[in-house]
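A short reminder: the numbers here are calculations on the coordinates, not readings from a lab. These numbers were taken from a predicted model, which means no experiment stands behind them. Using ideal geometry, Cβ is built from the backbone for each residue, glycine included, and neighbour counts are taken over all protein chains shown.
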Amino acid sequence: MSQNDVEAVAELEAARRQLEEQIGKVVIGQHEVVEGLLIALLAGGHCLLVGVPGLAKTLLIRTLSQTLDLSFGRVQFTPDLMPSDITGTDVLEEDHETGRKVFRFVPGPIFHNIILADEINRTPPKTQAALLEAMQEHAVTAGGNTMPLPAPFFVLATQNPIEQEGTYPLPEAQLDRFLFELRIDYPDAAEEAAIVRSTTSAAPEAVRPVLNGEQIVAFQQLVRRVPVADHLVEYAVRLVRSSRPTDGTAPEHVREMVNWGAGPRASQFLVLAGKARAALHGRHSVSAEDIRAVALPVLRHRIVVNFHAEAQAVSADGLAQRLLDEIRYDGPGA
């Protein structure tokens, strides 16, 4: 890395500490989830958040947007939501100068830096696809015109794991577009008591911005320049390939319990997220611990288990954890 990059990594580590401090004024606990969100943002990916109602998913995302001084848009997904409700629509207006009627595009809520797609599995596939296309292309096409979305562009979609009736589960090909699936769990007793005290007393502390959009884009480019050794790339690829039942390196339990494993995008995201994690912690190269730390949120939504696994109550998350336990890093520095 150049001297400028070394200094930028130190600035990013300092910014991470400030971000965690500011978010902690409003959101109590959830440290791993906060770090996961920051990693995904710096890696240029998107996140799927899974958690029961009342765990401050919306509050966390809104607070994150405030600490990053980014525009925030929320879309509540419902069965009657249309693609144009997300992307925007053409409105017929009269030009007062010429008297002619012309179409004017009215941007939808997707034209923000941070998008909260609340309960994304409650809307039909046609509307889901409109959002996911924008996630991939970072642009919206309407009326024959392609309009770029603002940078940085970060989608956070939520799902409720309890209620499945009347929902439209995301297909595996669309789940693969999310860098991470982050699980939000119940707080412990001390954290829950702190939550009750803070939310039933005076107004919460004000959150101040730490980074702006231009700085975030620069840090995203910095993450791409963080070096990673070939043996760590090979380790990431080995982890991903071992999740595929048709691969010769797959363990026996994967062949028995998995229909489909993670694709090449998982290998790319493992390395990219590992780079982001290393830079956030002030390190100038990726370690095996960085790869392992991001492996579960990268793999858990990319492994499709079969009925043998379901009959034994074995989840994709459990299989991914077992792979991490069995496939150890044995390269330099192990």
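For the reader, a short list of remarks on this structure follows.
- Expected 222 nm ellipticity per residue - DSSP helices of 4 or more, -39500 (n - 2.57), all of the chain, to 500: -14000 deg cm²/dmol
- Rounded to two decimals, the Cα-based Rg/Rh of the stretch 86-224, with Kirkwood Rh, is 1.07.
- Partner aspartates and glutamates for residue 101 [C-alpha distance under 20 Å; skip if fewer than 8 residues away on the same chain]: 90, 93
- Karplus-derived HN-Hα couplings along the stretch 84-99 (A = 6.51, B = -1.76, C = 1.60, θ = phi - 60°), whole Hz, x at Gly and Pro: 5, 5, 9, 7, x, 8, 8, 10, 7, 10, 9, 6, 5, 7, 9, x
- Residues residue 307 and residue 6, FRET efficiency given R0 of 51 Å [Cβ-Cβ distance, rounded to 0.05]: 0.45
- Dimensionless Rg ratio for the chain, taking C-alpha atoms and the 2.2 N^0.38 Å reference: 1.06
- Among the GluC sites (Glu not before Pro) in the stretch 145-248, those located in a DSSP loop and surrounded by at most 13 other Cβ atoms within 10 Å of their own Cβ are 163, 165, 205.
- 10 Å-binned pair-distance histogram of the stretch 68-114 (Cα, whole percent): 24, 35, 25, 14, 1
- Across the stretch 32-48, computed HN-Hα scalar couplings (Karplus, 6.51 cos²θ - 1.76 cosθ + 1.60, θ = phi - 60°) run 5, 5, 4, 4, x, 5, 5, 4, 4, 4, 6, 7, x, x, 10, 10, 10 Hz from first to last residue, x flagging Gly and Pro.
- Angstrom value of the Kirkwood radius, inverse mean 1/r, which spans all Cα pairs in the stretch 1-124: 17.4 Å
- Phi-derived couplings, Karplus 6.51 cos²θ - 1.76 cosθ + 1.60 at θ = phi - 60°, listed residue by residue for the stretch 252-268: 4, 5, 5, 5, 7, 10, 10, 7, 9, x, 6, x, x, 4, 5, 4, 4 Hz, with x used for Gly and Pro.
- If the convex hull is drawn through the Cα atoms of the stretch 226-334, its volume per residue in Å³: 90 Å³
- Residues with amide H under 5 Å from that of residue 142, placed H, sequence gap 5 or more: 147
- Under 24 Å from residue 25, Cα to Cα: lysines that are on another chain or at least 8 residues apart: 57
- Using a Gaussian network model of the chain in which every pair of alpha carbons under 10 angstrom is joined by a spring, one finds that among 209, 125, 171 the greatest mean-square fluctuation is at 171.
- Where GluC sites (Glu not before Pro) fall in DSSP loop in the stretch 77-109, at most 11 other Cβ within 10 Å: 97
- Gain on full extension, evaluated as 0.36 nm per residue between residue 146 and residue 284 minus their Cα-Cα distance, stands at 45.9 nm.
- Using 0.36 nm per residue and subtracting the Cα-Cα separation, the extra length available between residue 326 and residue 25 on full extension is 104.5 nm.
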